1. Could you list, in sequence order, the residues of the stretch 250-262 that are over 26 Å from ALA216 (Cβ atoms) and not in a helix (DSSP H, G or I)?
2. Of all residues in the stretch 161-204, which are buried (at least 19 other Cβ atoms within 10 Å of the Cβ) and hydroxyl-bearing (Ser, Thr, Tyr)?
3. Identify the single condition in (1) under 18 Å from MET205 (Cα atoms); (2) buried (at least 23 other Cβ atoms within 10 Å of the Cβ) that ALA83 does not satisfy, given that it satisfies every other one.
4. Can LEU207 be described as part of a helix (DSSP H, G or I), surrounded by fewer than 21 Cβ atoms within 10 Å (Cβ to Cβ), modelled with pLDDT of 95 or more and over 22 Å from the mean Cα position of the chain (by Cα)?
5. Give the stretch 273-291 a look and list any residue that's in a helix (DSSP H, G or I) and more than 20 Å from VAL17 (Cβ to Cβ), or say none.
6. Being free of Cβ contacts under 8 Å to residues at least 60 places away in the same chain and either in a strand (DSSP E or B) or in contact with a Gly (Cβ under 6 Å, 6 or more places away or on another chain) (or both) is the filter here, so list the residues in the stretch 111-152 that pass it.
7. Might you let me know whether the stretch 212-227 holds any residue that is under 16 Å from the mean Cα position of the chain (by Cα), part of a strand (DSSP E or B), crowded, with 16+ Cβ neighbours inside 10 Å and not acidic (Asp, Glu)?
8. Does LEU237 count as at pLDDT 90 or above and assigned to a helix (DSSP H, G or I)?
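The values are calculated or read from the model by the stated rules, or taken from the named source; none is laboratory data. Note that the structure is a prediction, hence the values are computed from the model and not measured. FYI the Cβ positions are ideal-geometry reconstructions off the backbone, even for glycines, and counts take in every protein chain you see.
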Amino acid sequence: MKGIVHFIAGIAAATFVPKAADMAASGNSFVFLLGGLFGLLPDTLDFKFYHFFYRRDRNVDPDPASLDPKQIAQQVADCANDALKTGKEVRLQLHTIPLSADTWRRYTVAFDVEQSAVEVEIGPVITTSQVPFWGSAPKENNYGRAKVNGRMLYTYDRSTAVDILRGPSFSFLPVGKDQVEIAFLPWHRSWSHSVTLSLFCGAVMWLLLGMAYGLATGLAMLAHVLLDSLGFMGSNLFWPITKKRTLGLRMTRSASAMPNFVSVHASLVIILFNLNRMSATPVFHAPWYEFFLWSFALPLAVLLVLAEVFKRYEPPAPKEPAVLRQLEIQDEQTEMFG
């Protein structure tokens, strides 16, 4: 889920604490702000701190002047084969291919689990906004494949695009003699996305600031873990008792607009309902099921119907995107300032 979703969900979780609602009603809404901030904390720990300390054993850094997809595929496959051979985990960092200040060469890495192979395809030139330039993908020497000497256990997306900023990382962990488990972004959603850390942070805030702060912040972090469990990657729920991520429910994706919108809507409805029911002078007196029917379920149904209607009448994508002109402008700038 996006950051704004986790922030709003953290505030919604904090409204379940009666003392926190009383404090907000008397003008001290800082406890709700803390709930939002602690709702962001798991991802903040991963992307702002742990990500930089996570050890990488191998690096794949393609040369933009001589791209060889077969060589890239072989380097990735070698990580899996070396893990099987040595019996030790191998951690890999895939690097992006920058071409200029605002252009990159995209390539994809896919794991063919059925055939135990790694596939690499060289893609188009894209902008930092991930908009491809029409006709920029190479027509020759754009595909490579390498064999893995054992079975691959991989539960995330079959293919991963490596395009802008910093590329993704993988870990290859041997399981037995002829199987290797592949984890996407192994540094993400591990100890930081656990029930254990949520309870610990809540307990610390309880000791420092009081019960209301402890419950609000602990519930906010738990809300983050719960929302992420709806996706594909999952979380390490009971670290350090468990060592691996529990597979998510595969219901949503973090970048999908509709699930993010629905999560924000649901959080706002929860905030409104909780603040009203805990108020000394409530504005409405509808039971929870009736309130959620009119304020959440019915609007969601209408939204889904409208989305399906617009989807059916959506015009086809143009064959030559407008970004083609960007390529021409870039060529002109290269000639002028090159």
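1. Narrowing the stretch 250-262 to residues over 26 Å from ALA216 (Cβ atoms): 250-251, 253, 255-258.
Once the filter is applied, which keeps residues that are over 26 Å from ALA216 (Cβ atoms) and not in a helix (DSSP H, G or I), the stretch 250-262 yields ARG250, MET251, ARG253, ALA255, SER256.
2. Once the filter is applied, which keeps residues that are buried (at least 19 other Cβ atoms within 10 Å of the Cβ) and hydroxyl-bearing (Ser, Thr, Tyr), the stretch 161-204 yields SER169, SER171, SER190, SER192, SER194, SER198.
3. (1)
4. Considered against the rule, which asks whether it is part of a helix (DSSP H, G or I), surrounded by fewer than 21 Cβ atoms within 10 Å (Cβ to Cβ), modelled with pLDDT of 95 or more and over 22 Å from the mean Cα position of the chain (by Cα), LEU207 comes out as yes.
5. TYR289, GLU290
6. Across the stretch 111-152, the qualifying residues are ASP112, ALA117, VAL118, GLU119, VAL120, GLU121, ILE122, GLY123, PRO124, ILE126, ALA137, ARG151.
7. The answer is no, given that none of the residues of the stretch 212-227 is under 16 Å from the mean Cα position of the chain (by Cα), part of a strand (DSSP E or B), crowded, with 16+ Cβ neighbours inside 10 Å and not acidic (Asp, Glu).
8. no
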